[in-house]
Amino acid sequence: MADKRWIPETLFDDLGFRMTYRVDRVLYEMHTEHQHLVLFEHPFFGKMLSLDGATQVTTKDEFVYHEMMTHVPILAHGNVADVLIIGGGDCGIAEEVLKHKSVKRLTQVEIDASVVEFSKQHFPEFTRPVFRDKRFELIIDDGMNYVAKTERRFDVIIVDSTDPQGPGKILFSHKFYSACRRCMTAGGVMVTQNGVPIFQPGELKAGVKKFRKLFADGTCYIAAIPTYVGGHMAMGWATDNARLRTTPVATLARRYEKAGRFATKYWTPEVHAAAFALPRFIADLVARVK
């Protein structure tokens, strides 16, 4: 019997370690115009999607990332009608956004059409409800190009990017965040994925520094996502309304009820509020940013 294939997570090669995942079966593999994509079955995590050696989504723990990137900004804001997603071709975040009754329109800008088509085939649990919803609009374009030129304005912008390498690098730039601010409504919120602070402190510091040059409030909140190795994942937070991140639990609970009290597996009003209570080493990291 041939040896099983193992797929490495190469994101932290420069730190001297790799995580490797045993492959039960490769479901799909290709080099797209922009990236190397592989989808495989793992005995514990289920379907796993990797782009350029970095795990993007698994069926076992996708709910943590998708819920926290979505429900935190929408329910902190409290009056969201128009949402923009940059990236997120698997449509996991789009599915969560559309659970909110207040959302009148969701626009998703994805650079790579093949990722969306791939997700329609392999992640129908995400894509099917999204593409059936008349509030959803998909635009195949470079995210930087879109936010620089659009005349639309958004209450929440969710940047569901890969790590700052390859085509995703521009989505961590001052130029990009400045363009996002231009197309946000007054008091709007932008959230981003900002890596794992214990392994990628520079990424978090750089993000928060750029936020603070553009917004009244720039910080992060956290979630624990097993396949994003390193304990805490930081989600960047940028808004001109500094009160939003201290929205009381009771207010969040009322907004959740009004939204329809849809099922969640990670997000709760209490977890939402607690996510902004940063462990000391992360709080110190953010506090030192000028």
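The values are calculated or read from the model by the stated rules, or taken from the named source; none is laboratory data. Predicted model only: the values in this text are computed from it and were never measured. All Cβ positions, glycine included, derive from the backbone under ideal geometry; neighbour counts span all protein chains shown. Surface areas here come from the heavy atoms of the whole protein model, side chains and all, with no ligands, DNA or RNA. Shrake-Rupley method; radii C 1.70, N 1.55, O 1.52, S 1.80 Å.
At a Cα cut-off below 16 Å, give the aspartates and glutamates reachable from Lys149, other chains included and same-chain residues fewer than 8 away excluded.
Within the straight-line limit of under 16 Å, Lys149 reaches these aspartates and glutamates: Glu110, Asp141.
Return the carbon/sulfur percentage of the accessible area of the chain, one whole number, probe 1.4 Å, all protein chains in place.
53 percent
Separation between the Glu29 and Asp3 pseudo-spin-labels, each 7 Å from Cα along Cα→Cβ, expressed in nm?
For the pair Glu29/Asp3, the computed spacing is 1.4 nm.
Stretched out fully, how many nm does the piece from Thr246 to Arg18 gain, at 0.36 nm a residue minus the Cα gap?
78.4 nm
In square angstrom, what is the accessible area per residue of the range 1-109 with a 1.4 angstrom probe?
Ligands and nucleic acids excluded, the result is 41 Å² per residue.
Using bins 5 angstrom wide from zero, how does P(r) for the range 191-272 break down, in % of all Cα pairs?
Histogram of Cα-Cα distances, whole percents per bin: 3, 14, 20, 19, 19, 16, 8, 2.
Positive end of the charge dipole of the range 184-290 (Lys, Arg +1 and Asp, Glu -1 on Cβ, about the Cα centre): tell me which of Pro197, Ile282, Trp237 has its Cα farthest that way.
Working it through, the farthest residue towards the positive pole turns out to be Trp237.
Please find the FRET efficiency linking Arg254 to Lys213, where r is the Cβ-Cβ separation and R0 is fixed at 35 Å, and quote it to the nearest 0.05. Before the final figure, lay out each step's value.
Details: r = 34 Å, r/R0 = 0.98.
So, using R0 = 35 Å, E works out to roughly 0.55.
By accessible area of protein heavy atoms, probe 1.4 Å, what ranking do Arg261, Arg132 get, highest first?
Result, largest first: Arg132, Arg261.
How large is the dipole of the range 201-251 about the Cα centre if only Lys and Arg carry +1 and Asp and Glu carry -1, each at its Cβ, rounded to the nearest 20 debye?
200 debye
Just how large is the dipole of the chain about the Cα centre, in debye to the nearest 20, putting +1 at every Lys and Arg Cβ and -1 at every Asp and Glu Cβ?
Around 1180 debye, computed over the chain.
How long are the three semi-axes of the equivalent ellipsoid of the range 1-97, in whole Å, if each is the root of 5 times an eigenvalue of the C-alpha gyration tensor, listed from largest down?
After diagonalising the Cα gyration tensor, the semi-axes are 30, 14, 14 Å.
Mind listing the phi-derived Karplus ³J(HN,Hα) values for the range 4-12, rounded to whole Hz, using 6.51, -1.76 and 1.60 with θ = phi - 60°, and x for any glycine or proline?
5, 7, 10, 10, x, 8, 9, 4, 10
Just need the relative contact order of the range 73-196 here, percent rounded to a whole number, with Cα pairs under 8 Å and 6+ apart. Could the numbers behind the result be given before it?
Numbers: 213 pairs, mean separation 36.6, N = 124.
Rounded, it is 30 percent for the range 73-196.
Counting other C-beta atoms within 10 Å, and keeping those with at most 12, which DSSP coil GluC sites (Glu not before Pro) do you find in the range 1-105? All intermediate terms of the calculation are to be shown ahead of the outcome.
Numbers: sites: Glu9, Glu29, Glu33, Glu41, Glu62, Glu67, Glu95, Glu96; in loops: Glu33.
Here the GluC sites (Glu not before Pro) that fit, given the DSSP loop and packing criteria, are Glu33.
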